[in-house]
Every structure is written in C-alpha cells, then in structure tokens.
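The values are calculated or read from the model by the stated rules, or taken from the named source; none is laboratory data. Bear in mind the structure is a predicted one, so any value in this text is a computation, not a measurement. No Cβ is skipped: glycine too gets one built from the backbone with ideal geometry, and neighbour counts run over all protein chains shown. For accessibility, only protein heavy atoms count, side chains too; no ligands or nucleic acids. Shrake-Rupley method; radii C 1.70, N 1.55, O 1.52, S 1.80 Å.
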Amino acid sequence: MSRTLSYLDELEAESIFLIRQAVAQSENPVLLYSIGKDSTVMLELALRAFAPMPLPFPLLHIDTTWKFREMIEFRDQTAKRLGLNLIVHTNQEGLHAGVSPFSSGSARYTDIMKTDALKQALSAGRFDLAFGGARRDEEKSRAKERIFSFRDAHHRWDPRNQRPELWNLFNTKKRVGESIRVFPLSNWTELDVWRYIQREDLAVVPLYFAQERPVVERNGQLFMVDDERFPLNPGERPEFRKIRFRTLGCYPLSAGVPSEAQTIEDILQEMETTRTSERVGRVIDFDQGASMERKKQEGYF
Amino acid sequence: MNGEEKTVLRFLTCGSVDDGKSTLIGHLLAKTGNLYDDQIANLEKESSQLGNAGGQVDYSLLLDGLEAERHQGITIDVAYRYFETPKRKFIVADTPGHEQYTRNMATGASLAQAALILVDATRGVLPQTRRHALICSQMGIPHLAFVVNKMDLAGWNQQRFDAVREACLLVGQSLLSAGFNPGEITVLPVSALLGDQLTTHSDNLAWFQGPSVLEWLETRDTTPPELPLRLAVQGVLKLAERRYTGRILGGSVAQGDRVELFPSGKTVTVKALYGPKKELSKAEEGASVALVFDENLDVERGDGVFAPGAVPPPNELFKVRIVWMQNEPLIAGRSFDFQSIYGPALVEVIRLDGRFELGSYQKNSAQQLGLNEVGEAVVLISRPLPLEPYGHFKEGGSFLFIDRKTNATAGCGMVLHPMRRSQNVVWQEHAIDKPLRAELLHQKPLVVWLTGLSGSGKSTLADLVERSLYNQGYKTMLLDGDNLRHGLNKDLGFTERDRVENIRRSAEAAKLLTDAGLVVLVCLISPYREDRKMARVLFEQGEFVEVWVDTPLEECERRDPKGLYKKARAGLLPNFTGINSPYEKPEEPEIHLKTSGKTPEELANEILEYLKGRL
C-alpha cells in the first residue's frame with residue numbers, strides 16, 4: 001500500500017498496526033514468548049507499538065525444562081533489562097510423571113509439555129488473546145492460518161472453518177472462554193527477520209552464532225549435549241563441532257548446522273547460499289505428514 | 001542484493017477447481033529459486049505418494065497444506081506464500097476454486113493488487129471463472145490477468161488460445177456493462193505443469209508475443225492513487241501529552257499540519273508525531289504513527305483524522321455492494337454488528353436492490369442473498385459515519401456484517417455512495433419533548449416487553465398489570481401482537497422477513513407511545529433474540545423491560561386457548577413457534593417469570609414489584 005516506505009519499514013508498520021489493533025480489541029492479552037529470533041522481533045515491535053508506555057500485557061513462556069540453558073539466561077536477562085512482566089509456566093503433572101523428549105517420544109512430549117502446558121497457562125490467566133511469533137513462510141499449515149485466528153473454549157483451531165479475514169478489519173467477537181491468537185509476523189520471512197535484527201541491532205540468543213559446541217550425531221543430525229540429562233548410547237561421546245542453530249526450542253529436538261557464521265552479516269550471507277529450510281532442524285515437524293496442523297488443532301502455537 | 005529497496009506486489013491466484021492455481025504458484029516458486037532442497041526432496045517424495053500429476057512433480061502439494069486438502073486434492077482455504085526475484089518481492093494468496101469456499105477466495109482478494117484468474121484451455125471459461133472475475137473487480141483489484149493454462153493439453157494451439165481469449169475478454173466486457181470497473185485485463189497462455197511461459201518465453205508458444213507470467217507480475221504499477229490525509233485512531237497513549245496511535249491510510253502528515261477530526265469536526269494542529277522508534281517531522285502513507293495535537297481534546301479509538309476539508313460528509317444511509325458469507329441468507333430488515341475503521345455500530349439492511357447473476361452479471365431483483373452471492377442493498381448505520389465510495393478509498397469504504405447470534409463474519413460490504421435521506425428528511429426539533437410530556441403525566445415512560453410462547457399467558461398478565469397501573473393512576477397503553485395484526489401490521493404474513501418487520505413496527509409504535517410519556521405494555525411472542533435486541537436499542541437505558549413469560553411448551557399446548565397448537569401439529573401452520581420454529585430464550589431478561597405453580601395474580605405482582613420506583 002505504501003508509496004515510499006521500504007519493505008522492512010512497511011512490515012514493521014503493519015505489525016505495529018496489528019499489535020495495537022489486537023490490544024484495543026481484547027480484554028486480557030498476553031504475548032507468547034519463546035525466546036527465539038521471531039519472539040525477539042515480536043517483542044521489539046510490541047514495545048515500539050506502545051512506547052514510551054510500558055508493555056500493556058505480560059509475556060508468557062512455556063518452560064518445558066528442556067530448553068537450552070543459554071535460552072533461559074537470555075530470557076531472564078531480557079525480562080530484567082526491559083522490566084517486563086514475565087510469566088513462566090511448566091506442566092507440573094507432566095514434570096512429575098517424568099515426561100521427557102528422550103523417554104516419551106517427541107510427539108507425546110510435545111503434547112504434554114508444550115500444548116497442554118500452554119492451554120493450562122492460557123486458561124489459568126483467563127487470557128482472551130495471545131500473540132504468537134509464527135510466520136506464514138515457516139510451514140504449510142501456518143501458511144493457511146489467518147492473522148487473527150479464532151480458538152474455541154478448548155483452545156482448538158478449526159482449519160476447515162476459519163473466519164473470513166477481509167481487508168484489515170478483524171472480527172474479534174467471541175464468547176466467554178473463547179479466544180483469539182494473533183500472529184503479527186505473519187507476512188515476515190526468515191530473511192526479513194534477520195534483516196530487521198541486523199538493521200535494528202537487536203540482541204539474540206548466542207546459539208544463533210557458530211561456536212564450538214559438544215554434539216552427537218543422530219540420524220545425520222547434530223544434537224547438542226546441553227546437560228547431563230542427555231542419554232548417551234554406549235560408546236557414544238560428545239565431540240566439539242562448530243555449529244549454530246537456525247531455530248531454537250528444546251535442545252533434544254533442535255538440531256544444529258555446521259556453520260562459520262559469527263555475526264548477523266555472516267548469517268545473512270549464509271542464508272543467501274543455503275539450500276535447506278530452517279525447519280529441517282525441527283524434529284517435531286516430521287512426526288507425520290500434516291503434523292503441525294494436528295498440533296495446532298489441539299492448541300499448539 | 002538488498003531486499004530493502006524492492007517494491008512488493010500482493011497478488012492472488014483464483015479460478016475454477018482443477019484449473020491449476022496451486023501448480024502455477026508451486027512451479028513459479030521453484031523456477032525463481034525460492035524453494036530449498038529439503039522442500040524439493042519432500043515434494044518429490046509426496047508427489048509419488050499423494051500426487052495427481054501423473055508421475056510429474058505435483059507442485060500443488062507445496063500449497064495445499066491442510067490434511068484434508070492433500071487427501072482430497074483440493075484447496076479449501078487461502079495459502080500465503082512469499083517469494084522474491086531480483087526485481088520485486090511477492091506475497092501470493094493461493095485461493096480455493098470450489099464455490100463453497102468463495103468466502104476464502106474473497107479473503108485473499110481483499111488486499112490483492114493483481115489477480116491471476118486461471119482458465120483451463122481445454123474447458124474454457126466456467127461459472128467459477130465468472131464468479132471470481134466478478135469478486136476480483138468488486139474488490140477493486142486493478143490488474144487482472146486471465147491465465148489460459150494447460151496449453152500443453154490443447155496442443156499449444158493458437159486458435160484454441162484465441163477462442164478462450166475472446167471468451168475472457170467478453171467477461172471483462174460484461175463486467176464493464178454491468179457497472180463494474182475491472183481495470184486492466186490481459187490474457188496469457190501457459191502450461192503451469194511444464195513451466196512454459198511462467199518465467200521465460202516458450203518455444204512451444206512461440207506465436208505468443210506478450211509477457212511471461214513473471215514479467216507481467218514484475219511490471220505492474222503498484223503506486224496507490226494520491227489522497228489527502230486519512231487516519232483512523234487505533235488507541236490513546238495516556239501520557240501527560242496524549243498520543244493518538246494509528247496507521248496512515250492515505251496521504252501524509254507533518255509536524256505543524258492542520259488536521260480535521262471526525263466526529264468532533266474540530267481542526268487542530270499536529271504538535272508532534274512519533275514513528276516506531278523516534279520523533280518524526282513527517283510520515284507517509286503506510287506508516288504507523290502516534291500523533292500529539294496542540295489542544296487536549298476528547299479523541300478516541302475509531303475517530304478519524306483528515307486533511308482539513310477532506311472529511312466526507314458523515315451519513316447513515318448508504319448504497320452498498322455485498323458478498324454474503326454465511327449459510328443463513330440475508331434478508332431485508334435484519335440488523336448486524338457493523339465493523340469498519342471507524343469503530344463499532346449497528347447496521348440494518350433496509351432493502352435489497354438485487355443480486356448479480358453469474359451468467360450475464362445482470363442485476364435481478366431478489367428477496368434474499370444466499371451464501372457466496374453478490375448483490376446490492378441500501379443499509380442504515382446506527383450513527384453517521386464518513387464512509388466513502390470503496391472505489392475511491394478502500395479502507396474507508398469497506399465494512400463487515402457480524403452475526404449477533406454467532407459472532408461469525410456474515411458478509412462484507414463495499415460502499416457505492418451515500419444516500420441522501422439524512423439531508424432531505426430532516427429531524428424536526430419541537431418545543432415539547434418527551435421529558436416535558438412525561439412530567440405533565442407525573443410518570444416516567446417505560447416499555448414492558450412480554451415475550452414467550454403462544455399461550456404462555458402474556459396477554460392475561462399484561463391485562464392484570466395494566467389494570468393495576470391504571471387503578472394507581474398511571475397513564476398506560478397496551479399493544480397486543482394479535483391485535484396489531486388486525487391493523488398496523490395486517491399486510492404482514494409469517495415469513496421470516498415479515499416477522500422481522502412485524503416486530504420492527506411494533507417496537508416503533510411502542511417508542512412513539514413512550515415519546516408521548518406513556519407506560520407501554522407489549523405482548524409479542526418475539527421468538528428471536530436478535531429481534532428483541534433490535535427493539536431494545538430503540539429505547540433509552542433502563543426504559544426497556546424485557547419480561548420472559550416462561551411457561552413450558554407442554555403447558556402452553558395443553559391450554560391452547562386459540563387452538564393454534566392443534567393446527568400446527570396437524571401441519572396447517574408452518575413456522576409456528578415451539579413446534580416447527582425455534583424460540584430463543586432470553587439470556588438476560590429484566591424479569592424471568594417461571595409460571596409453573598403460580599397464579600396469574602402472583603406473577604403480575606412480580607412485574608409490579610419490579611416497576612415500583614421505576615415509573
């Protein structure tokens with residue numbers, strides 16, 4: 001629509017517009033903060049949408065207890081530095097039942113420690129709107145989702161019956177218990193996110209940059225041994241390899257890639273030449289064909 | 001390469017089922033190097049398992065991301081894909097072809113700047129082709145390309161292409177003569193499956209001199225028409241100096257500019273403006289800003305900020321085009337929640353002005369507008385708004401109809417022009433008004449609206465209540481639904497449309513009587529929540545007392561004072577409430593009378609108790 005704005009400026013303006021709209025059209029919003037690069041950009045845009053006022057909603061992090069340690073450090077530093085209201089929620093029942101990505105299988109683990117945990121936290125906080133940092137270019141079922149996406153009282157998404165979303169008019173009418181998820185970065189690509197991080201000089205988790213890290217190779221993928229809970233096979237020993245991560249999550253489910261990229265410039269250059277998508281490293285995307293859609297129907301972000 | 005300098009084009013692909021929309025986009029992504037190796041490998045694997053391309057790579061699997069779509073080989077909802085070439089960035093909406101998913105196609109079309117309407121060279125122009133061309137031009141997409149696909153199956157034959165091309169151009173012609181403005185129309189031959197004419201010129205189609213699809217997309221001019229400043233306020237940052245947030249929808253704004261506000265009509269000076277990161281001296285169309293004015297005014301969300309003199313005259317009555325999006329058809333008389341850039345309101349459809357037929361695009365008279373149908377209507381908005389013709393300014397001329405029962409987006413509207421009733425039919429202010437009339441009567445006017453099944457006891461109770469009020473010296477009037485049907489409403493039957501009108505007239509009559517200062521009792525089955533709400537909004541806060549006369553159906557049927565249940569059971573009365581037409585229970589009535597086991601006098605007393613101190 002713009003006459004003179006650059007592409008990044010236009011994306012920024014659109015996202016800020018969406019965030020302001022969502023807050024004005026809800027009672028009790030929350031921002032799902034997952035610590036990665038997309039969350040970093042989303043948080044920055046949310047701050048800019050209301051500056052110099054403080055952020056008018058809390059952040060929610062679903063802590064599976066299996067996140068990279070550097071992510072948790074980054075999360076706590078960020079919350080402290082910006083004076084944010086951060087809610088951290090863990091599915092205690094799952095934790096006590098010993099659900100883990102190694103022993104329970106990635107699908108069941110994701111259901112309990114991510115999806116169920118998220119639903120618990122959203123219900124407990126009585127949040128009627130939740131921001132997520134998902135982008136439509138990430139994955140096929142995300143490419144199908146509305147920017148303002150309706151959820152029933154059980155947090156479920158019905159992909160076959162989405163509300164029409166015309167122009168920039170967002171129908172957020174809902175009954176008690178129902179909610180809306182809002183994806184202000186819908187129109188951003190992975191490249192846009194990095195270009196913005198570079199231009200705005202935003203801090204990201206150091207795991208995005210290449211460094212010697214202790215890894216083991218499983219099915220051709222490189223997993224970082226982030227703590228002593230990583231069950232090594234007999235005779236298996238972590239070796240130090242120079243890797244970085246394109247997406248972050250739970251360390252047993254996020255594979256790294258060999259890389260020399262030390263700076264955001266390096267990352268951008270690497271992206272110009274790379275031949276694989278960022279989601280190659282995400283184990284849960286490959287559980288079955290339409291796996292993300294099923295998780296989303298159940299309430300996953 | 002620096003992505004920042006590039007322009008963006010939002011476009012959509014549409015057309016009938018199996019005309020190859022998803023295949024075209026998938027192949028375009030592959031040809032422009034916008035697919036990663038793992039995506040291609042995955043695609044090849046899935047093509048052999050699920051593909052419908054006869055051994056070729058099935059590019060549609062890249063876009064049909066929902067499980068149901070992949071298994072049925074169809075597109076249900078719009079998918080958005082992002083790709084770039086050295087010249088431009090693209091956001092493409094791949095939209096479904098099935099008629100039943102037309103509303104999802106409209107979703108993709110609403111923000112598009114160009115459209116590729118696919119046509120199968122072997123089948124030619126189909127009804128869905130015509131429907132999509134209609135919706136594209138109605139949505140104001142300025143660049144349309146009919147992409148004649150499957151030229152390989154048509155033997156790369158120029159005569160075949162020319163014949164289809166003629167048919168496509170004819171679609172454009174008939175749109176024009178039906179009063180639409182389809183903008184630029186081009187016809188391009190391709191083979192989406194084999195890739196001919198997608199990005200480069202094809203030897204198979206050497207006789208074609210025009211651009212490839214990609215060339216066409218890369219060269220469309222996307223500069224929007226220049227407009228004076230328009231901004232709708234999104235919110236207020238409550239600092240010592242209030243900042244009003246919003247996105248510049250047209251024009252630009254600079255520090256020191258004079259701007260005119262809607263609805264206050266005041267003109268103020270922009271003292272400062274802020275961008276995402278810092279204070280600015282000027283901001284352009286598309287920017288999200290926060291404005292500070294030199295006067296502290298009462299400005300709120302939904303207010304408009306315009307260049308001085310550029311505020312369109314606020315109006316309540318508009319001629320609009322509609323795309324209907326829910327199963328329950330649109331009929332005149334229905335009202336909905338209204339959503340536009342100017343904040344909430346109600347909208348009532350005063351009259352349907354016809355429905356566009358797909359074959360000819362001619363407008364024929366219609367009693368209703370069904371799912372996926374396109375028509376014209378006159379609507380009344382509950383407060384004056386500065387809406388503009390959609391063709392002139394999209395954001396200021398578009399709105400949603402939201403169903404008040406289900407909260408669903410029931411349809412969308414595009415303003416054609418304001419209607420002049422507001423100017424010509426002036427509301428006369430007279431010296432004696434409602435408060436003065438009421439004062440003389442020593443009472444507060446009020447309407448007691450009794451709703452409930454036929455035979456629930458509404459008339460009996462109203463009668464008892466009125467007698468008691470009369471004896472206490474109150475000035476009253478009783479409107480009985482049955483009696484009104486002998487006079488004021490005698491031209492109305494029992495179709496849905498007539499029932500809505502029956503309630504509207506009864507409510508308006510009650511309103512006139514409260515204006516006269518009277519206490520009014522209304523007995524009407526009024527089975528639909530929405531209609532009771534329509535009545536309620538006519539009255540002032542606290543003036544409308546909804547009484548639910550809650551008698552179980554079995555009891556009403558046992559009483560059957562007018563013998564109507566018997567007739568209804570015998571199939572002689574269609575649409576009889578409780579038997580073959582629903583009664584929607586009031587959610588929050590002022591008085592809920594559970595009649596079982598109580599005498600009429602006891603029940604009347606419950607109403608009188610409530611009214612004590614309110615009259």
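Rounded to the nearest 500, the 222 nm mean residue ellipticity of chain B from helices alone is -7500 deg cm²/dmol, with -39,500 (n - 2.57) taken per DSSP H run of at least 4 residues.
Expressed in Å, the radius of gyration and Dmax of the Cα atoms of the stretch A:7-192 are 16.4, 48. Applied to the stretch B:76-92, the Karplus parametrisation 6.51 cos²θ - 1.76 cosθ + 1.60 on θ = phi - 60° returns per-residue 3J(HN,Hα) values of 9, 10, 5, 10, 9, 10, 10, 8, 9, 10, x, 8, 7, 9, 10, 10, 10 Hz, with x for Gly and Pro.
Grouping the Cα pair distances of the stretch B:445-533 into 5 Å bins from zero gives a pair-distance distribution of 3, 14, 25, 25, 20, 9, 3, 1, 0 percent in increasing distance order. Restricting the calculation to alpha carbons of chain B gives Rg and Dmax of 30.1, 97 angstrom.
From helices alone, chain A scores -9000 deg cm²/dmol at 222 nm; the rule is -39500 (n - 2.57) for each run of n ≥ 4 DSSP H residues, then divide by the residue total. Annotation: the stretch A:183-272 has a Kirkwood hydrodynamic radius of 14.4 angstrom, from the mean reciprocal C-alpha pair distance.
Below 9 angstrom from the Cβ of B:Ala272, what's the summed charge of the other residues (Lys, Arg +1; Asp, Glu -1)? Taking every other residue near B:Ala272 into account, the sum is 0. For the chain pair A and B, the buried solvent-accessible surface (1.4 Å probe, both sides summed) amounts to about 6500 Å².
Between amide H atoms placed 1.01 Å from N, distances below 5 Å from B:Arg243 occur with B:Leu237, all of them 5 or more places distant or on a separate chain. Applied to the stretch B:267-281, the Karplus parametrisation 6.51 cos²θ - 1.76 cosθ + 1.60 on θ = phi - 60° returns per-residue 3J(HN,Hα) values of 10, 10, 9, 6, 7, 7, 9, 10, x, x, 10, 8, 5, 10, 8 Hz, with x for Gly and Pro.
Taking all protein chains in place and a 1.4 Å probe, what share, in percent, of the accessible surface of the stretch B:170-305 do carbon and sulfur account for?
Details: 2750 of 5760 Å².
Answer for the stretch B:170-305: carbon and sulfur cover 48 percent of the accessible area.
Residues whose amide H falls under 5 Å from that of A:Trp188, counting only those 5 or more places apart or on a different chain, are A:Arg136, with hydrogens built in the peptide plane. Across peptide A:144-155, the mean count of Cβ atoms from other chains lying within 10 Å of each residue's own Cβ comes to 2. Normalised by residue number, the volume inside the convex hull of the Cα atoms of the stretch B:230-306 is 75 Å³ per residue. Modelled spin-label separation between A:Glu260 and A:Arg69, with each label point placed 7 Å from Cα along the Cα-to-Cβ direction: 3.0 nm. With viscosity 0.692 mPa s and temperature 37 °C, the Kirkwood radius over alpha carbon pairs of the stretch B:315-424 converts through Stokes-Einstein to a diffusion coefficient of 238 µm²/s. In the stretch B:434-611, the portion of solvent-accessible area held by carbon and sulfur atoms comes to 53 percent [1.4 Å probe, whole percent, DNA, RNA and ligands not counted]. Taking amide H atoms as placed 1.01 Å from N in the peptide plane, the amide H of B:Glu546 lies under 5 Å from those of B:Trp449, B:Glu590, B:Ile591, each 5 or more residues away in sequence or on another chain. For B:Tyr101, the shell of other residues with beta-carbons less than 11 Å away shows a net charge of -1, using +1 for Lys and Arg and -1 for Asp and Glu. Across chain B, C-alpha contacts under 8 Å between residues 6 or more apart give a mean separation that, scaled by the residue count, equals a relative contact order of 8 percent. Surface composition of chain A: carbon plus sulfur atoms contribute 49% of the solvent-accessible area (1.4 Å probe, protein chains only, all chains present). Among A:107-118, A:199-210, sorting by the average number of other beta carbon atoms lying within 10 angstrom of each residue, highest first, gives A:107-118, A:199-210.
Principal semi-axes of the equivalent ellipsoid, √(5λ) from the alpha carbon gyration tensor of the protein assembly as shown, are 52, 35, 30 Å from largest down.
Count Lys and Arg as plus one, Asp and Glu as minus one, and take only other residues whose Cβ is under 14 Å from that of B:Ala112; the net charge is then +2. Between B:Lys612 and B:Lys567, the distance separating the two model label sites (each 7 Å from Cα on the Cα→Cβ line) works out to 4.1 nm.
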